[in-house]
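Novice: The structure under discussion is supplied below as structure tokens; questions concerning it will follow.
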Amino acid sequence: MEGKLQTHNQEISYTLKKSVRAKRVRITVKHNLAVVVTMPRWASLSKGEEAIHAHSKWILATVEKFKKTITLLPDHERWQEYKEQALLLVKNIITQYQSIYPYQHNQISIKNTAARWGSCSTKKNLNFNYRIIFLPRELAEYVVVHELCHLKEMNHSNKFWQLVAHTFPGHRKLRKQLHEYTY
């Protein structure tokens with residue numbers, strides 16, 4: 001369902017979606033500045049609209065931040081530049097943390113993904129979103145360390161989070177901050 005909300009002298013256009021996987025209401029500002037509210041199937045549409053109203057300042061601030069920091073549709077030349085910068089950044093961070101996380105990995109790929117900052121395959125391939133170069137350094141390091149820990153623990157078990165906490169004891173706070181940079 002598409003809608004608009006007038007708040008703080010600005011209009012917010014949004015899309016409400018229901019998902020069988022959603023456990024709570026989640027607001028995402030995409031790289032194209034679209035605002036998407038994903039809700040559990042049992043939630044009423046008014047719950048989504050209430051969430052937009054309650055988080056309207058954050059939504060507006062995030063849209064403005066994206067307008068300033070991320071090129072929305074990079075041309076081919078810029079994409080290659082971003083891809084190269086992202087690969088260099090990721091490799092540098094892996095080297096920086098290699099003594100703490102000495103796990104073997106295979107290929108490192110930089111992609112233009114729609115919903116992830118990073119992933120680790122069962123074949124030990126590491127994949128990262130090129131937009132990692134736009135994150136603050138600490139968040140970029142957190143994303144890389146998160147994926148390095150998946151080389152040892154291919155899940156989000158307590159053992160996995162203990163590995164992450166070895167370097168980032170405040171990983172919960174960082175995960176929350178990372179959601180502010182949803183593309």
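Novice: Relative to the present Cα-Cα distance, how much length would full extension add between GLU138 and LYS152 at 0.36 nm per residue of separation?
Specialist: 2.9 nm
Novice: Let me ask you something else. Between HIS150, HIS55, HIS171, which gets the highest mean-square fluctuation from a Gaussian network model of the chain, Cα cutoff 10 Å?
Specialist: The residue with the greatest mean-square fluctuation here is HIS55.
Novice: Once the other residues with Cβ under 11 Å from the Cβ of LEU135 are scored (Lys, Arg +1; Asp, Glu -1), what is the net sum? Mind showing how you got there, number by number?
Specialist: Numbers: positive: ARG131, ARG137; negative: GLU138, GLU141, GLU180.
Summing Lys/Arg as +1 and Asp/Glu as -1 gives -1.
Novice: Something else: Using a cut-off of 11 Å between beta-carbons, work out the net charge of the residues near LYS4 (Lys and Arg +1, Asp and Glu -1, LYS4 not included).
Specialist: Working: positive: none; negative: GLU2, GLU11, GLU49.
Computed value for this residue: -3.
Novice: When the chain is treated as a GNM, springs tying every alpha-carbon pair under 10 Å, which of LYS30, LYS18, LYS123 comes out with the largest mean-square fluctuation?
Specialist: Top of the fluctuation ranking is LYS123.
Novice: Please name which of PHE134, HIS156, GLY170 has its Cα lying farthest along the dipole of the chain towards the positive end, using unit charges on Cβ (Lys, Arg +1; Asp, Glu -1) and the Cα centre as origin.
Specialist: HIS156
Novice: Considering the dipole of the chain built from charges on the beta carbon (Lys and Arg +1, Asp and Glu -1) around the Cα centre, which of GLY48, VAL63, ILE108 is farthest to its positive end?
Specialist: GLY48
Novice: Can you pick out the pairs among LYS30/LYS67; LYS67/LYS173; LYS30/LYS57; LYS4/LYS30; LYS23/LYS173; LYS91/LYS152 whose Cα atoms lie more than 22 Å from each other?
Specialist: On the way: LYS30/LYS67 11 Å; LYS67/LYS173 24 Å; LYS30/LYS57 16 Å; LYS4/LYS30 16 Å; LYS23/LYS173 20 Å; LYS91/LYS152 18 Å.
Where the Cα-Cα span goes over 22 Å, the pairs concerned are LYS67/LYS173.
Novice: In nm, give the distance between the simple-model label positions of PHE160 and ARG78, each being 7 Å from the Cα along the Cα-to-Cβ direction.
Specialist: 3.4
Novice: Give the aspartates and glutamates reachable from LYS159 as a straight Cα distance under 20 Å; neighbours fewer than 8 places away on the same chain don't count.
Specialist: The reachable aspartates and glutamates, counting only those whose Cα sits under 20 Å from LYS159, are GLU141, GLU147.
Novice: Can you give the log10 of the normalised intensity I(q)/I(0) at q = 0.17, 0.21 Å⁻¹, computed with Debye over equal Cα scatterers of the range 130-183?
Specialist: Here the Debye-derived log intensity ratios amount to -0.51, -0.76.
Novice: In deg cm²/dmol, rounded to 500, what helix-only [θ] at 222 nm does the chain give when every DSSP H run of at least 4 residues adds -39500 (n - 2.57) and the total is split over its residues? Could the numbers behind the result be given before it?
Specialist: Numbers: 6 runs with 79 residues, N = 183.
So the helix-based figure for the chain works out to -13500 deg cm²/dmol.
Novice: Any idea what log10 I(q)/I(0) is at q = 0.16 Å⁻¹ for the range 1-139, Debye with uniform C-alpha scatterers and no solvent?
Specialist: -0.95
Novice: First obtain the Kirkwood hydrodynamic radius of the range 70-183 from its Cα pairs, then insert it into the Stokes-Einstein equation at 20 °C and 1.002 mPa s, and state the resulting D in µm² per second as a whole number.
Specialist: Working: Rh = 14.4 Å.
Approximately 149 µm²/s, per Stokes-Einstein.
Novice: Between the range 86-113 and the range 7-56, what is the separation of their alpha carbon centroids in Å?
Specialist: Using only Cα atoms, the two centres lie 34 Å from each other.
Novice: Return the carbon/sulfur percentage of the accessible area of the chain, one whole number, probe 1.4 Å, all protein chains in place. Mind dumping the intermediate values first?
Specialist: Values: 5480 of 10980 Å².
Answer for the chain is 50 percent, counting heavy atoms of protein chains only.
Novice: OK, next. Taking the Cα-to-Cβ direction at GLN10 and at HIS179 and moving 7 Å from each Cα, how far apart do the two end points lie in nm?
Specialist: 2.0
Novice: Turning to a different aspect of this structure: Please get the size of the charge dipole for the range 1-125, origin at its Cα centre, with Cβ charges of +1 on Lys and Arg and -1 on Asp and Glu, quoted in debye to the nearest 20. It would help to have the intermediate numbers written out before the result.
Specialist: On the way: 21 positive and 9 negative charges, 123 e Å.
The dipole magnitude comes to about 600 debye.
The values are calculated or read from the model by the stated rules, or taken from the named source; none is laboratory data. Remember, it's a predicted structure, so these values are computed and weren't measured experimentally. With ideal geometry, Cβ positions are generated from the backbone for all residues, glycine too; neighbour counts draw on all protein chains shown. Just so you know, the surface numbers come from the protein's heavy atoms only, side chains and all, with ligands and any DNA or RNA stripped out. Shrake-Rupley method; radii C 1.70, N 1.55, O 1.52, S 1.80 Å.
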